[in-house]
Structures are given as structure tokens and as C-alpha cells.
1. 222 nm [θ] for the chain, helices only, -39500 (n - 2.57) per DSSP H run of 4+, per residue, to 500?
2. Looking at the chain only, what percent of DSSP beta bridges run antiparallel? Nearest 5 please.
3. For region 101-235, what is the Kirkwood estimate of the hydrodynamic radius, computed as the reciprocal of the mean inverse distance between distinct Cα atoms, to one decimal in Å?
4. Taking every pair of alpha-carbon atoms in region 177-227, give the share separated by more than 14 Å as a whole percent.
5. Summing Lys, Arg as +1 and Asp, Glu as -1, what charge do residues with Cβ under 14 Å from the Cβ of residue 144 carry, residue 144 excluded?
6. Among 49, 81, 166, which one shows the highest mean-square fluctuation when the chain is modelled as a Gaussian network with alpha-carbon springs under 10 Å?
7. Would you kindly find the accessible area of residue 184, with a 1.4 Å probe and non-protein molecules such as ligands, DNA and RNA excluded, rounding to the nearest 10 Å²?
8. Read through the labelled values (i) 37, 21, 18; (ii) 26, 25, 18; (iii) 43, 32, 19 and report the label of the one computed as semi-axes √(5λ) of the Cα gyration tensor in Å from the structure.
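The values are calculated or read from the model by the stated rules, or taken from the named source; none is laboratory data. Source: prediction; values computed, not measured. Neighbour counts are summed over all protein chains in view; Cβ atoms, including those assigned to glycine, are modelled from backbone coordinates with ideal geometry. For accessibility, only protein heavy atoms count, side chains too; no ligands or nucleic acids. Shrake-Rupley method; radii C 1.70, N 1.55, O 1.52, S 1.80 Å.
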Amino acid sequence: MAPCPAPLVRRLAAIVCLALAVPGQPALAATLKIATVAPDGSSWMNRIRAGAEEIAERTENRVTFRFYPGGVMGDDAAVVRKIRIGQLQGAALTTGALQKFYTDVQLYNLPMLFRDYAEVDAVRAELDPVLLAGLEEAGWVAFGFGEAGFAYAMSQQPALTPEQARAQKVWAPADDPGALAALEGFGIRPVPLAIADVLTGLQTELVEAVAVPPVAALALQWYTQLDYLLEVPLMYVYGTLALDAKVFARLSEADRAVVREVLGRTFDELSAESRRDHAGALEALAGQGIEFLTPDAEGLAAWQDGAERARARMVEAGTITPAMHARVTELLEAIRSTP
């Protein structure tokens, strides 16, 4: 048997030469350390843990996972840095954290890109494989995108128009140029904070408004500090579980196939569950006393105009490449022209 190169054992939990194992000889175990800001007990963590258990069983414990939920390893940016130095092997995170490696992974985040979930499904059927391939070329193996749903503006003071929103201190994820460019396109100067700091920021009025899916507002307890929700879907939010491609390549071909199959199915299930939960989360927010605001035609047009400027700004800034922006625009035009 060929000798295992020494660097493979550095700071990895026994990921060693699975692809070089002699047929018939037991392969050594690989424990993949995965971090996320998703709270333990959330639907994300429950589904991913179930998938990890199936993978361990089907690979006879050659591939196991150790999870660090709830942001204990830091925010998405900190987790990515730890993956790059080998302290972790992967993360379940929002796509903005991977933009520095493959900027078009944020494509679906373009403000008010989609009118409804039918458009989301049609576009994703065409472009998910393209984005996953782009990530892999950039050094990351992902297994699908988990839908978090449409983000709505939620605030401590009413904001029916972009002008009213500009008067508030609006949160944006730290180290997420796409989110910053989107908000700046509406003329909003955001307050960048790590996700773990947002609740405290709302409590101290460091920030007064956020744009998040209803499920996230409930899971992160942000709704306790908010009073209003604008009934305009501003952005489609999604995430993924990404592994360092070099680490994934060290698994045997058979084990890689199992991981791809199980985690691919897991993310399909996550998206379906999230969509079912979306309506229930809106009802739960209303039950907690959140007041829903519906803009008039003039106010809605102002949001749509701002979104168009924001999309153009993101393309000009290189947040999304012109080629990919043109591709999704053509797809949506074709979808909308079909009776």
C-alpha cells in the first residue's frame, strides 16, 4: 500500500488516505467537524444530524460528523477562516460567506429578483447545478441549497417606504459585501454586525431594523425586539453545507457517493420543510403582536425601483457577474412571458 502523506493528518480527525486503502482492508474513520450559527434543535440542525447519522450507518462509521451549532465557533466569516487552516472541515452557512471564493453563489440574493416561489423553483431547477459546480471549482463541495425563504423588513418603527427605512439604523451581516451593496442600492447605510450580536444590538438600539425570513426571526428571538413587518418579500435567502474540497477528495469514491446522495436529499427536505414553515412563522409573528404593514401602490413602486437600482449596483460592483445576471434575467423573462 502506498504510504500516506504526512500533511493529511494535520489537525484533521483521522482523515487519512481512504482512497488508497487496499481492497478488503478496513478504511480508517473520518470525522468531519462542521460549524454553524444555526441553533441546536432548529429544523436545519435536526435534518442535518439525521443525514449525518444515515451517512455514518451506511459507511460503517468511516464518515462521521461532529457539529458545533449555535455560533460557538464564531460567525460565518470566522468559521470559513477556521476551515481554511484545517481547524474545521466544513460549515452550514449562508451563501454570502462564500462569495469571496465564488461570487455568483449569491445570485438568488439579488433584491426582489423573484416575484413568487414558482419563479424560484423554475430558476433553481436550471441554475442550482451551475452554482454548485462553480463552488466546487472554487474549492468547496456543497450538496444543494437549503431554502430559508423570503426576507421581510422588520423594524422597531414603521417603515412603509425606502425613505422611511433610510431614517432607521438597519442591520447588515458583517463581511457580506452582497448584503451591504443591496441595502446601499436602496440608499440605506447599514450597520454591519455579526449575527450573534444582532439581538443585543436590537436591545440597545444599536440597530432598529433587520431584513430576515420569518423563521429566522423566531429562531433567533429577534422578534422579541421588533414591532413591525413590511409585507414585501425583499430578498430570497438560502444556505448550504460546504466542505473543503481537498478534505472531501480524501474520502473513498464510494463514501463520497453516499455523502452526496444523503446530503443532497437532506437539503431538498430542508427546503420543503422551510417552505411549509414559512406561513406558520408569519402567523406566529402576528400572534406575538407584530403589526403587518402593507404599502400602497406608490410605496411598492418605490421599493421596486430601489431594488432595480440595487441589482444594478451589485453587478457594477462585481458582487454578481454580468454574465450570470444576464442569464437569470433571461430565464425570468422567459418564465414571465409564458401564459
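1. Counting only the DSSP helices, I get -14000 deg cm²/dmol.
2. Approximately 55 percent, going by the DSSP bridge assignments.
3. After inverting the pairwise mean of 1/r, the radius is 15.9 Å.
4. Summing the P(r) tail past 14 Å for region 177-227 gives 52 percent.
5. Every neighbour counted, the sum reads -4.
6. Its mean-square fluctuation being the largest, the pick is 81.
7. 80 Å²
8. (i)
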